[in-house]
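Asks: Below you will find the structure I want to go over with you.
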Amino acid sequence: MSDRVLTVQNSGHIRLHRYGDSPDGNLFIVEAERQVPFSVRRVYFINSLGNPQAIRGNHAHRELWQAIFAINGSFVLTLDDGVRKDSLTLDDPGVGILIGPMLWHTMTKFSANCVILVLADHWYDEGDYIRDHEQFLSMVTPV
Ligand code: T46
């Protein structure tokens, strides 16, 4: 994954401690309020992404902070804060991306073996989602 600085607001790279125990595997460690800058209330993961046309996300959150990782395989994450956009390939289990409030995010181009892990600072709340892009734009760039 590219190390370039992200231009969108409320984002950034997260780098995990990694212990390479070759030939006995790798160990990656995430500690809340350390590598991930919030306390974790929810963990979810997404797999079975064999459909190359699959699109996930396509929404923003009003208040939620999340950290997203490709812990196996790869996918493309596109972030849009209403003014700027960034698009990057997540393909390193030791490097995740922070997705903060008011960031429209879309996940595409999943490798067949992709597994996505997400840590979130709050429980699931559908009321926190903005699923309409026009509504999102009107909220970030009010006229
Ligand atoms: C996000 C991206 C990165 C729940 O009931 N509880 C949960 O914790 C989650 C995550 C989802 N759901 C339900 C809500 C929907 O009816 O599962 C269904 C699918 O969720 P959604 O279409 O939002 O899934 P994604 O993959 O598009 O988005 C998910 C997260 O929902 C979202 O917060 O930021 O991953």
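Please treat every number below as a calculation from the coordinates, not as lab data. For clarity, every value in this text was computed on a predicted model and none was experimentally measured. Note that we place each Cβ from the backbone using ideal geometry, even for glycine, and neighbour counts take in every protein chain shown.
Asks: Need one number: nm distance between label points at A54 and K85, each 7 Å from Cα along Cα→Cβ, rounded to one decimal.
Replies: Going by the 7 Å Cα→Cβ label model, 2.3 nm.
Asks: May I ask you to give the average projected area over all directions of the convex hull of the Cα atoms of the chain, in nm² rounded to one decimal? Before the final figure, lay out each step's value.
Replies: Details: hull surface 36.1 nm².
If you wrap the Cα atoms of the chain in a convex hull and average its projections, you get 9.0 nm².
Asks: How would you classify region 12-85 from its alpha-carbon gyration tensor, with a ≥ b ≥ c the square roots of the eigenvalues: rounded for a/c under 1.5, else prolate if a/b is greater than b/c, otherwise oblate? Let's see the in-between values first.
Replies: Values: a/c = 2.05, a/b = 1.27, b/c = 1.61.
Here region 12-85 falls in the oblate category.
Asks: Let me ask something else. Mind checking region 104-143 for chymotrypsin sites (Phe, Trp or Tyr not before Pro) that DSSP puts in a loop (not H, G, I, E or B) and that have at most 14 other Cβ atoms within 10 Å?
Replies: On the way: sites: W104, F110, W123, Y124, Y129, F136; in loops: F110, W123, Y124.
Here the sparse-neighbourhood loop sites are W123, Y124.
Asks: Once you list every other residue whose beta carbon is under 14 Å from the beta carbon of H133, what net charge do they have if Lys and Arg are +1 and Asp and Glu are -1? Could the numbers behind the result be given before it?
Replies: Details: positive: K85, R131; negative: D80, D81, D132, E134.
The answer is -2.
Asks: Next up: Quick check: Cα centre of region 1-35 to Cα centre of region 38-110, how many Å?
Replies: 14 Å
Asks: Scattering from the C-alpha atoms of region 1-50 alone, worked out with Debye: what is log10 I(q)/I(0) at q = 0.26 1/Å?
Replies: Treating every Cα as an identical point scatterer, log10 I(q)/I(0) equals -1.09.
Asks: May I ask which residue of G12, V40, P101 lies farthest towards the positive end of the charge dipole of the chain, with charges of +1 (Lys, Arg) and -1 (Asp, Glu) on Cβ and the Cα centre as origin?
Replies: It is G12, whose Cα lies furthest towards the positive end.
Asks: Could you put V76, V36 in order, starting from the residue whose Cβ has the fewest other Cβ atoms within 10 Å? Provide the component values of the computation, followed by the final result.
Replies: Numbers: V76 15, V36 20.
The fewest-first ordering by Cβ neighbours comes to V76, V36.
Asks: Next question. Quick check for me: using +1 on Lys/Arg Cβ and -1 on Asp/Glu Cβ, what's the dipole size of the chain about its Cα centre, in debye to the nearest 20?
Replies: Details: 12 positive and 17 negative charges, 35 e Å.
My answer is approximately 160 debye.
Asks: Further, regarding this structure: If I model region 48-116 as equal point scatterers sitting on the Cα atoms and use the Debye formula, what is log10 I(q)/I(0) at q = 0.19 Å⁻¹?
Replies: These q points yield log10 I(q)/I(0) values of -0.71.
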